[in-house]
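The values are calculated or read from the model by the stated rules, or taken from the named source; none is laboratory data. Not measured: the values here are computed from a predicted model. Cβ: placed from backbone, ideal geometry, glycine included. Neighbour counts: every protein chain shown.
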Amino acid sequence: MNKQSISALQLFYVIIGFEIGNKLIFGGGAPAKQDAWLTILLGMLFGLILMWIYVKLSDYYPGDTLIQMIPKIVGKFLGYPLILYYLCYFTFLASTACRDFSDLIYSTILVETPMPVITVSFMVLMIYCLRGGVEVFARMGEAVFPIYIFSLIVIWILLFTVKGFNIGNLTPIFGDGVKPVLKTVFPFELTFPFGETVIITMFLPLLNKKKHARKAGMAIILIGGFLLVINTILNIAVIGPEIYSKSPYPLMRATRMVSIADFLERFDALVILMMVAGVFFKVGGWMYGVSVGIAQLFNLKDQRSINLAIGTIIIPLSFLYASNYIEAREVGEAFIQPFLHIPLQIIIPILLLLIAFIRNKFNLNSSRNG
(Lines give C-alpha, C1' and ligand atoms only; values in the text may rest on other atoms or scores of the structure.)
Protein backbone atom coordinates (compact mmCIF):
# COMPACT_ATOMS: atom_id res chain seq x y z
CA MET A 1 0.00 0.00 0.00
CA ASN A 2 1.33 3.41 -1.01
CA LYS A 3 2.17 5.85 1.72
CA GLN A 4 -0.64 8.36 1.95
CA SER A 5 -0.47 11.89 3.31
CA ILE A 6 -2.77 14.79 4.09
CA SER A 7 -2.25 18.51 4.47
CA ALA A 8 -2.70 20.47 7.70
CA LEU A 9 -5.84 22.08 6.25
CA GLN A 10 -7.33 18.67 5.43
CA LEU A 11 -6.52 17.50 8.95
CA PHE A 12 -8.25 20.61 10.29
CA TYR A 13 -11.41 19.98 8.25
CA VAL A 14 -11.64 16.33 9.25
CA ILE A 15 -10.93 16.69 12.98
CA ILE A 16 -12.94 19.86 13.59
CA GLY A 17 -15.83 18.19 11.75
CA PHE A 18 -15.28 15.18 13.97
CA GLU A 19 -15.13 17.39 17.09
CA ILE A 20 -18.32 19.42 16.59
CA GLY A 21 -20.09 17.01 14.21
CA ASN A 22 -23.03 15.94 16.36
CA LYS A 23 -22.28 18.14 19.38
CA LEU A 24 -23.94 21.13 17.72
CA ILE A 25 -27.15 19.14 17.36
CA PHE A 26 -27.19 17.78 20.91
CA GLY A 27 -25.99 20.96 22.55
CA GLY A 28 -24.02 20.90 25.77
CA GLY A 29 -23.91 22.03 29.35
CA ALA A 30 -27.63 21.34 29.90
CA PRO A 31 -27.38 20.98 33.73
CA ALA A 32 -25.89 24.49 33.92
CA LYS A 33 -28.95 25.95 32.11
CA GLN A 34 -28.27 29.61 31.22
CA ASP A 35 -24.57 29.09 31.98
CA ALA A 36 -24.26 26.23 29.47
CA TRP A 37 -22.12 28.38 27.17
CA LEU A 38 -19.67 28.92 30.04
CA THR A 39 -19.24 25.17 30.52
CA ILE A 40 -18.29 24.81 26.86
CA LEU A 41 -15.90 27.75 27.10
CA LEU A 42 -14.15 26.21 30.13
CA GLY A 43 -14.18 22.79 28.49
CA MET A 44 -12.43 24.34 25.49
CA LEU A 45 -9.67 25.76 27.70
CA PHE A 46 -9.00 22.36 29.26
CA GLY A 47 -9.33 20.85 25.79
CA LEU A 48 -6.34 22.92 24.68
CA ILE A 49 -4.27 21.16 27.36
CA LEU A 50 -5.41 17.75 26.15
CA MET A 51 -4.61 18.67 22.54
CA TRP A 52 -1.13 19.77 23.62
CA ILE A 53 -0.65 16.35 25.25
CA TYR A 54 -1.76 14.51 22.10
CA VAL A 55 0.49 16.56 19.82
CA LYS A 56 3.43 16.30 22.22
CA LEU A 57 3.14 12.51 22.22
CA SER A 58 3.32 12.63 18.44
CA ASP A 59 6.40 14.87 18.67
CA TYR A 60 8.20 12.15 20.65
CA TYR A 61 7.16 9.49 18.11
CA PRO A 62 6.59 11.48 14.88
CA GLY A 63 6.09 8.54 12.54
CA ASP A 64 3.81 6.53 14.83
CA THR A 65 0.12 6.48 15.53
CA LEU A 66 -1.10 6.05 19.10
CA ILE A 67 -1.35 2.30 18.49
CA GLN A 68 2.30 2.12 17.38
CA MET A 69 3.72 4.31 20.13
CA ILE A 70 2.02 2.57 23.08
CA PRO A 71 4.26 -0.58 23.04
CA LYS A 72 7.35 1.64 22.64
CA ILE A 73 6.38 3.62 25.73
CA VAL A 74 5.08 0.97 28.16
CA GLY A 75 6.38 -2.24 26.59
CA LYS A 76 4.56 -5.07 24.82
CA PHE A 77 3.26 -6.74 27.99
CA LEU A 78 1.20 -3.70 29.01
CA GLY A 79 0.98 -2.26 25.52
CA TYR A 80 -1.15 -4.87 23.77
CA PRO A 81 -4.01 -4.88 26.33
CA LEU A 82 -3.96 -1.09 26.18
CA ILE A 83 -4.13 -1.18 22.38
CA LEU A 84 -7.16 -3.49 22.51
CA TYR A 85 -8.74 -1.11 25.02
CA TYR A 86 -8.39 1.78 22.57
CA LEU A 87 -9.59 -0.25 19.57
CA CYS A 88 -12.71 -1.32 21.45
CA TYR A 89 -13.23 2.30 22.49
CA PHE A 90 -13.03 3.57 18.90
CA THR A 91 -15.43 0.86 17.73
CA PHE A 92 -17.94 1.49 20.50
CA LEU A 93 -17.94 5.26 19.98
CA ALA A 94 -18.54 4.73 16.25
CA SER A 95 -21.58 2.61 17.13
CA THR A 96 -22.98 5.23 19.53
CA ALA A 97 -22.62 7.95 16.87
CA CYS A 98 -24.43 5.71 14.37
CA ARG A 99 -27.23 5.12 16.85
CA ASP A 100 -27.60 8.85 17.57
CA PHE A 101 -27.86 9.49 13.84
CA SER A 102 -30.42 6.74 13.29
CA ASP A 103 -32.54 7.93 16.24
CA LEU A 104 -32.70 11.48 14.92
CA ILE A 105 -33.45 10.51 11.32
CA TYR A 106 -36.06 7.95 12.36
CA SER A 107 -37.83 10.33 14.75
CA THR A 108 -37.95 13.28 12.34
CA ILE A 109 -38.07 12.56 8.60
CA LEU A 110 -38.10 8.78 8.04
CA VAL A 111 -40.63 7.70 10.64
CA GLU A 112 -41.96 4.86 8.48
CA THR A 113 -38.51 3.49 7.63
CA PRO A 114 -37.12 0.72 9.87
CA MET A 115 -34.19 2.07 11.83
CA PRO A 116 -31.80 -0.76 10.78
CA VAL A 117 -32.31 0.28 7.15
CA ILE A 118 -31.17 3.81 7.99
CA THR A 119 -28.09 2.55 9.85
CA VAL A 120 -27.09 0.01 7.20
CA SER A 121 -27.50 2.55 4.38
CA PHE A 122 -25.27 5.05 6.15
CA MET A 123 -22.68 2.42 7.00
CA VAL A 124 -22.49 1.24 3.37
CA LEU A 125 -21.75 4.84 2.36
CA MET A 126 -19.12 5.11 5.09
CA ILE A 127 -17.36 1.87 4.11
CA TYR A 128 -17.35 2.91 0.45
CA CYS A 129 -15.72 6.24 1.32
CA LEU A 130 -13.05 4.68 3.54
CA ARG A 131 -12.12 2.10 0.89
CA GLY A 132 -10.14 4.81 -0.86
CA GLY A 133 -7.99 5.47 2.18
CA VAL A 134 -7.37 8.55 4.26
CA GLU A 135 -6.72 10.84 1.27
CA VAL A 136 -10.22 10.19 -0.10
CA PHE A 137 -11.70 10.69 3.37
CA ALA A 138 -9.78 13.96 3.75
CA ARG A 139 -10.96 15.20 0.32
CA MET A 140 -14.52 14.31 1.29
CA GLY A 141 -13.96 16.35 4.43
CA GLU A 142 -12.93 19.32 2.29
CA ALA A 143 -16.18 18.99 0.34
CA VAL A 144 -18.55 18.27 3.23
CA PHE A 145 -17.29 20.71 5.89
CA PRO A 146 -18.11 23.92 3.94
CA ILE A 147 -21.67 22.61 3.44
CA TYR A 148 -21.86 21.93 7.16
CA ILE A 149 -20.70 25.44 8.09
CA PHE A 150 -22.93 27.06 5.46
CA SER A 151 -25.99 25.26 6.88
CA LEU A 152 -24.99 26.31 10.39
CA ILE A 153 -24.61 29.99 9.47
CA VAL A 154 -27.98 30.00 7.69
CA ILE A 155 -29.61 28.51 10.81
CA TRP A 156 -27.94 31.11 13.06
CA ILE A 157 -29.21 33.96 10.87
CA LEU A 158 -32.71 32.49 10.93
CA LEU A 159 -32.67 32.19 14.73
CA PHE A 160 -32.30 35.97 14.99
CA THR A 161 -35.71 36.30 13.29
CA VAL A 162 -37.57 34.32 15.97
CA LYS A 163 -40.02 36.59 17.81
CA GLY A 164 -39.11 35.18 21.20
CA PHE A 165 -35.38 35.74 20.72
CA ASN A 166 -34.12 37.22 23.99
CA ILE A 167 -30.45 37.48 24.89
CA GLY A 168 -31.60 38.14 28.45
CA ASN A 169 -32.22 34.39 28.75
CA LEU A 170 -28.50 34.10 29.43
CA THR A 171 -28.81 35.93 32.74
CA PRO A 172 -28.13 35.74 35.57
CA ILE A 173 -24.62 34.46 35.00
CA PHE A 174 -23.73 31.96 37.72
CA GLY A 175 -27.31 32.33 38.91
CA ASP A 176 -27.13 28.87 40.52
CA GLY A 177 -23.55 29.31 41.65
CA VAL A 178 -20.26 28.04 40.24
CA LYS A 179 -20.71 24.41 41.31
CA PRO A 180 -23.18 23.33 38.55
CA VAL A 181 -20.86 24.83 35.94
CA LEU A 182 -17.75 23.07 37.22
CA LYS A 183 -19.58 19.73 37.65
CA THR A 184 -20.74 19.96 34.03
CA VAL A 185 -17.34 20.93 32.67
CA PHE A 186 -15.68 17.89 34.18
CA PRO A 187 -16.13 15.38 32.88
CA PHE A 188 -18.99 16.00 30.43
CA GLU A 189 -17.99 19.06 28.39
CA LEU A 190 -14.29 18.25 28.54
CA THR A 191 -14.62 14.70 27.28
CA PHE A 192 -17.40 15.35 24.74
CA PRO A 193 -16.33 16.74 22.38
CA PHE A 194 -12.85 18.06 23.19
CA GLY A 195 -11.36 14.89 24.68
CA GLU A 196 -12.60 12.84 21.74
CA THR A 197 -10.00 14.58 19.61
CA VAL A 198 -7.59 11.95 20.93
CA ILE A 199 -8.37 10.38 17.54
CA ILE A 200 -6.00 12.99 16.04
CA THR A 201 -3.12 10.78 17.21
CA MET A 202 -4.14 8.33 14.47
CA PHE A 203 -3.91 11.05 11.80
CA LEU A 204 -0.84 13.10 12.80
CA PRO A 205 1.74 10.70 11.28
CA LEU A 206 0.10 11.32 7.89
CA LEU A 207 0.74 15.08 7.91
CA ASN A 208 2.91 16.09 4.96
CA LYS A 209 4.32 18.96 7.04
CA LYS A 210 4.74 17.89 10.66
CA LYS A 211 5.65 21.42 11.79
CA HIS A 212 2.00 22.46 11.37
CA ALA A 213 0.65 19.78 13.74
CA ARG A 214 0.48 21.97 16.84
CA LYS A 215 -1.08 24.94 15.04
CA ALA A 216 -3.70 22.71 13.42
CA GLY A 217 -4.49 21.01 16.72
CA MET A 218 -4.92 24.23 18.66
CA ALA A 219 -7.00 25.78 15.86
CA ILE A 220 -9.31 22.75 15.94
CA ILE A 221 -10.02 23.21 19.66
CA LEU A 222 -10.31 27.01 19.57
CA ILE A 223 -12.48 27.36 16.47
CA GLY A 224 -14.58 24.32 17.34
CA GLY A 225 -15.14 25.66 20.85
CA PHE A 226 -15.98 29.10 19.50
CA LEU A 227 -18.64 27.66 17.16
CA LEU A 228 -20.15 25.62 19.99
CA VAL A 229 -20.29 28.63 22.33
CA ILE A 230 -22.10 30.79 19.73
CA ASN A 231 -24.51 27.95 18.94
CA THR A 232 -25.33 27.46 22.64
CA ILE A 233 -25.89 31.18 23.24
CA LEU A 234 -28.31 31.42 20.30
CA ASN A 235 -30.21 28.29 21.34
CA ILE A 236 -30.72 29.55 24.89
CA ALA A 237 -31.72 32.99 23.60
CA VAL A 238 -34.46 31.39 21.47
CA ILE A 239 -35.90 28.58 23.61
CA GLY A 240 -34.82 29.66 27.11
CA PRO A 241 -32.63 27.87 29.66
CA GLU A 242 -35.34 25.57 31.05
CA ILE A 243 -36.35 24.10 27.70
CA TYR A 244 -32.71 24.00 26.61
CA SER A 245 -31.76 21.92 29.64
CA LYS A 246 -34.49 19.33 28.93
CA SER A 247 -34.44 19.12 25.13
CA PRO A 248 -32.45 16.27 23.54
CA TYR A 249 -32.02 18.29 20.32
CA PRO A 250 -32.06 22.00 21.32
CA LEU A 251 -30.89 23.23 17.91
CA MET A 252 -33.74 21.35 16.26
CA ARG A 253 -36.20 22.78 18.80
CA ALA A 254 -34.96 26.32 18.22
CA THR A 255 -34.97 26.01 14.42
CA ARG A 256 -38.59 24.82 14.41
CA MET A 257 -39.57 28.17 15.93
CA VAL A 258 -38.37 30.01 12.82
CA SER A 259 -41.25 31.40 10.79
CA ILE A 260 -40.75 34.06 8.15
CA ALA A 261 -43.97 35.91 7.24
CA ASP A 262 -45.93 32.83 8.39
CA PHE A 263 -44.91 31.25 5.09
CA LEU A 264 -41.33 30.00 5.22
CA GLU A 265 -41.08 27.38 7.96
CA ARG A 266 -39.68 23.90 8.76
CA PHE A 267 -36.04 24.88 8.39
CA ASP A 268 -35.15 21.92 10.60
CA ALA A 269 -34.27 20.10 7.37
CA LEU A 270 -31.00 22.04 7.57
CA VAL A 271 -30.37 20.52 11.01
CA ILE A 272 -30.89 17.06 9.51
CA LEU A 273 -28.38 17.91 6.79
CA MET A 274 -25.90 18.99 9.45
CA MET A 275 -26.44 15.78 11.39
CA VAL A 276 -25.70 13.68 8.31
CA ALA A 277 -22.52 15.67 7.64
CA GLY A 278 -21.48 15.62 11.29
CA VAL A 279 -21.93 11.87 11.70
CA PHE A 280 -19.95 11.38 8.49
CA PHE A 281 -16.93 12.95 10.21
CA LYS A 282 -17.57 11.27 13.57
CA VAL A 283 -18.08 7.70 12.38
CA GLY A 284 -15.45 8.07 9.66
CA GLY A 285 -12.85 9.23 12.19
CA TRP A 286 -13.52 6.40 14.63
CA MET A 287 -13.64 3.76 11.87
CA TYR A 288 -10.39 4.98 10.36
CA GLY A 289 -8.74 4.80 13.78
CA VAL A 290 -9.95 1.22 14.28
CA SER A 291 -9.00 -0.02 10.82
CA VAL A 292 -5.52 1.53 10.93
CA GLY A 293 -4.98 0.29 14.47
CA ILE A 294 -5.92 -3.29 13.58
CA ALA A 295 -3.78 -3.19 10.44
CA GLN A 296 -0.77 -1.97 12.44
CA LEU A 297 -1.37 -4.41 15.29
CA PHE A 298 -1.41 -7.44 12.97
CA ASN A 299 0.91 -6.03 10.25
CA LEU A 300 -1.80 -6.11 7.58
CA LYS A 301 -1.32 -4.26 4.31
CA ASP A 302 -4.94 -4.05 3.11
CA GLN A 303 -7.40 -2.09 5.26
CA ARG A 304 -10.42 -2.49 2.97
CA SER A 305 -11.52 -5.83 4.37
CA ILE A 306 -11.03 -4.44 7.89
CA ASN A 307 -13.47 -1.59 7.21
CA LEU A 308 -16.08 -4.08 6.04
CA ALA A 309 -15.60 -6.20 9.17
CA ILE A 310 -15.73 -3.19 11.49
CA GLY A 311 -18.87 -1.95 9.76
CA THR A 312 -20.63 -5.27 10.31
CA ILE A 313 -19.75 -5.04 14.01
CA ILE A 314 -20.83 -1.41 14.42
CA ILE A 315 -24.33 -1.95 12.99
CA PRO A 316 -25.61 -4.51 15.53
CA LEU A 317 -23.61 -2.92 18.36
CA SER A 318 -25.40 0.39 17.75
CA PHE A 319 -28.70 -1.30 18.62
CA LEU A 320 -27.49 -3.57 21.39
CA TYR A 321 -25.93 -1.00 23.71
CA ALA A 322 -29.24 0.82 24.33
CA SER A 323 -32.90 0.33 23.44
CA ASN A 324 -33.83 4.03 23.31
CA TYR A 325 -32.49 7.56 23.62
CA ILE A 326 -32.96 7.80 27.39
CA GLU A 327 -31.17 4.51 28.01
CA ALA A 328 -28.36 5.62 25.70
CA ARG A 329 -27.82 8.74 27.81
CA GLU A 330 -27.83 6.62 30.98
CA VAL A 331 -25.22 4.30 29.49
CA GLY A 332 -23.16 7.35 28.64
CA GLU A 333 -23.16 8.63 32.23
CA ALA A 334 -22.80 5.27 33.98
CA PHE A 335 -20.35 3.52 31.65
CA ILE A 336 -18.86 5.60 28.84
CA GLN A 337 -17.74 8.56 30.95
CA PRO A 338 -16.01 6.75 33.87
CA PHE A 339 -14.70 3.66 32.06
CA LEU A 340 -13.92 4.95 28.56
CA HIS A 341 -13.75 8.73 28.20
CA ILE A 342 -11.85 9.67 31.36
CA PRO A 343 -9.15 6.96 31.30
CA LEU A 344 -8.61 6.87 27.52
CA GLN A 345 -8.80 10.61 26.84
CA ILE A 346 -7.17 12.00 29.98
CA ILE A 347 -5.49 9.60 32.41
CA ILE A 348 -3.69 7.24 30.02
CA PRO A 349 -2.44 9.96 27.60
CA ILE A 350 -1.01 11.93 30.56
CA LEU A 351 0.74 8.81 31.88
CA LEU A 352 2.04 7.97 28.40
CA LEU A 353 3.42 11.48 28.01
CA LEU A 354 5.16 11.35 31.40
CA ILE A 355 6.77 8.00 30.59
CA ALA A 356 7.74 9.20 27.11
CA PHE A 357 9.29 12.33 28.61
CA ILE A 358 11.32 10.26 31.11
CA ARG A 359 12.44 7.83 28.39
CA ASN A 360 13.42 10.69 26.10
CA LYS A 361 15.34 12.48 28.85
CA PHE A 362 17.10 9.27 29.85
CA ASN A 363 18.16 8.58 26.26
CA LEU A 364 19.43 12.14 25.87
CA ASN A 365 21.44 11.88 29.07
CA SER A 366 22.85 8.53 27.97
CA SER A 367 23.99 9.93 24.67
CA ARG A 368 25.65 12.86 26.40
CA ASN A 369 27.41 10.67 28.94
CA GLY A 370 28.52 8.30 26.19
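Just checking, how many residues over the stretch 313-328 are closer than 25 Å to residue 189 by Cβ, of a type outside the set (Gly, Ala, Ser) and either free of Cβ contacts under 8 Å to residues at least 40 places away in the same chain or not in a helix (DSSP H, G or I) (or both)?
So in the stretch 313-328, the residues closer than 25 Å to residue 189 by Cβ come out as 318, 321-322, 324-328.
Among the residues that remain, those that are also of a type outside the set (Gly, Ala, Ser) are: 321, 324-327.
Add one more test, that the residue is either free of Cβ contacts under 8 Å to residues at least 40 places away in the same chain or not in a helix (DSSP H, G or I) (or both), and what stays is 321, 324, 326-327.
Looking only at that region, the number is 4.
Please verify whether the stretch 223-245 includes one or more residues that are touching a strand residue (DSSP E or B) at 6+ places or on another chain (Cβ under 9 Å), at negative phi and buried (at least 16 other Cβ atoms within 10 Å of the Cβ).
Restricting attention to the stretch 223-245, the residues satisfying the condition of being touching a strand residue (DSSP E or B) at 6+ places or on another chain (Cβ under 9 Å) are none.
No; the residues of the stretch 223-245 include none that is touching a strand residue (DSSP E or B) at 6+ places or on another chain (Cβ under 9 Å), at negative phi and buried (at least 16 other Cβ atoms within 10 Å of the Cβ).
How many residues are in a helix (DSSP H, G or I), under 12 Å from the mean Cα position of the chain (by Cα) and not polar (S, T, N, Q) when one looks only at the stretch 184-203? Reasoning before the result, please.
At the first step, the residues of the stretch 184-203 found to be in a helix (DSSP H, G or I) are 184-191, 194-202.
Retained after the next criterion (residues that are under 12 Å from the mean Cα position of the chain (by Cα)): 189-191, 194-200.
So of that shortlist, the ones also not polar (S, T, N, Q) come out as 189-190, 194-196, 198-200.
Adding up the residues that qualify gives 8.
Name, by its number, the condition in (1) closer than 15 Å to residue 56 by Cβ; (2) touching a residue at least 24 places away in the same chain (Cβ under 8 Å) that does not hold for residue 191.
Condition (1) is where residue 191 drops out.
Out of 55, 117, which single residue is among the aliphatic types (A, V, I, L, M), surrounded by fewer than 23 Cβ atoms within 10 Å (Cβ to Cβ) and without any contact (Cβ under 8 Å) to a residue 24 or more places away in the chain?
Numbers: 55 fails: without any contact (Cβ under 8 Å) to a residue 24 or more places away in the chain.
Result: 117 is the single residue among 55, 117 that is among the aliphatic types (A, V, I, L, M), surrounded by fewer than 23 Cβ atoms within 10 Å (Cβ to Cβ) and without any contact (Cβ under 8 Å) to a residue 24 or more places away in the chain.
Quick one: count up the residues across the stretch 204-259 that are aliphatic (A, V, I, L, M), under 21 Å from the mean Cα position of the chain (by Cα) and in a helix (DSSP H, G or I).
The total comes to 17.
Please find, within the stretch 290-312, the residue that is farthest from residue 68 (Cα to Cα) out of those that are assigned to a helix (DSSP H, G or I) and of a type outside the set (A, V, I, L, M).
Of the stretch 290-312, the ones assigned to a helix (DSSP H, G or I) are 290-297, 304-312.
Checking which are of a type outside the set (A, V, I, L, M) leaves us with 291, 293, 296, 304-305, 307, 311-312.
On the way: 291: 13, 293: 8, 296: 7, 304: 20, 305: 21, 307: 19, 311: 23, 312: 25 Å.
Looking at the filtered set, the residue picked out is 312.
Every residue, every condition in (1) surrounded by fewer than 19 Cβ atoms within 10 Å (Cβ to Cβ); (2) at pLDDT 90 or above, yes or no:
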position	(1), (2)
294	no, yes
317	yes, yes
323	yes, no
330	yes, no
343	yes, yes
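Would you call residue 231 touching a residue at least 40 places away in the same chain (Cβ under 8 Å) and more than 25 Å from residue 341 (Cβ to Cβ)? First the steps, then the outcome.
Working: touching a residue at least 40 places away in the same chain (Cβ under 8 Å): yes; more than 25 Å from residue 341 (Cβ to Cβ): no.
No: the conditions fail for residue 231.
Just to be sure before I move on: is residue 336 assigned to a helix (DSSP H, G or I), touching a Gly at 6+ places or on another chain (Cβ under 8 Å) and closer than 29 Å to residue 61 by Cα in the structure I sent?
Numbers: assigned to a helix (DSSP H, G or I): yes; touching a Gly at 6+ places or on another chain (Cβ under 8 Å): no; closer than 29 Å to residue 61 by Cα: yes.
Criteria not met by residue 336.
If only one of 243, 233 is within 23 Å of residue 332 (Cα to Cα), of a type in the set (A, V, I, L, M, F, W, C) and at pLDDT 90 or above, which one is it? Write out each step before concluding.
Working: 233 fails: within 23 Å of residue 332 (Cα to Cα).
Selected residue: 243, the only one of 243, 233 that is within 23 Å of residue 332 (Cα to Cα), of a type in the set (A, V, I, L, M, F, W, C) and at pLDDT 90 or above.
If we keep just the residues of the stretch 144-155 that are out of contact with any Phe, Trp or Tyr (no Cβ under 9 Å at 6 or more places or on another chain) and loosely packed, with under 14 Cβ neighbours inside 10 Å, which is farthest from residue 302 (Cα to Cα)? First the steps, then the outcome.
We begin by selecting, within the stretch 144-155, every residue out of contact with any Phe, Trp or Tyr (no Cβ under 9 Å at 6 or more places or on another chain); these are 147, 149-153.
Pick out the ones that are also loosely packed, with under 14 Cβ neighbours inside 10 Å and you get 147, 150, 153.
On the way: 147: 31, 150: 36, 153: 40 Å.
Looking at residues that are out of contact with any Phe, Trp or Tyr (no Cβ under 9 Å at 6 or more places or on another chain) and loosely packed, with under 14 Cβ neighbours inside 10 Å, I get 153.
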